[in-house]
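Please treat every number below as a calculation from the coordinates, not as lab data. The model shown is predicted, which means the values in this text are computed figures rather than measured ones. Counting neighbours? That spans all protein chains shown, and the Cβs are built from the backbone with ideal geometry, glycine included.
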């Protein structure tokens with residue numbers, strides 16, 4: 001099979017949260033799944049001095065307009081190993097992050113946004129509550145299964 005030099009078969013990857021101290025709470029960039037069927041978001045936690053709750057929110061616009069927490073599926077692992085835990089369902093109440101050096105992998109199909117938002121949203125972001133202390137976090141989104149084939153992947157960050 002021939003692949004164009006420099007492409008990743010339609011995969012789009014973007015750092016949606018550069019490594020940062022979330023000591024006052026924060027949100028990631030908004031990603032738009034209008035042109036992709038699947039997103040895998042890798043969240044890496046460094047030092048965690050206090051617990052923070054991470055939610056996945058669907059957004060009405062890139063600004064993000066109205067952002068509403070939704071249920072999602074994830075796996076975790078210590079970043080000192082290569083063994084992921086089982087895929088686990090999380091309610092819209094979010095996931096408590098408190099263990100240092102932990103990775104969280106969020107798996108999401110675009111149809112899940114459609115269902116959660118009654119078919120009105122294709123955008124999503126991550127939100128971290130204020131832990132009241134130093135917590136270091138970063139996040140990278142990998143979007144796959146493009147809806148339209150293209151030599152250069154279509155942007156997905158609003």
Quiz item: surrounded by 14 or more Cβ atoms within 10 Å (Cβ to Cβ), under 17 Å from residue 130 (Cα atoms) and touching a residue at least 60 places away in the same chain (Cβ under 8 Å), is that true of residue 104?
Solution: no
Self-check item: Lone unmet requirement of (1) surrounded by fewer than 18 Cβ atoms within 10 Å (Cβ to Cβ); (2) farther than 22 Å from residue 77 by Cβ for residue 146
Solution: (1)
Self-check item: Failed item, numbered, when residue 115 is tested on (1) more than 17 Å from the chain's Cα centre (by Cα); (2) at negative phi; (3) surrounded by fewer than 17 Cβ atoms within 10 Å (Cβ to Cβ); (4) assigned to a loop (DSSP other than H, G, I, E, B)
Solution: (4)
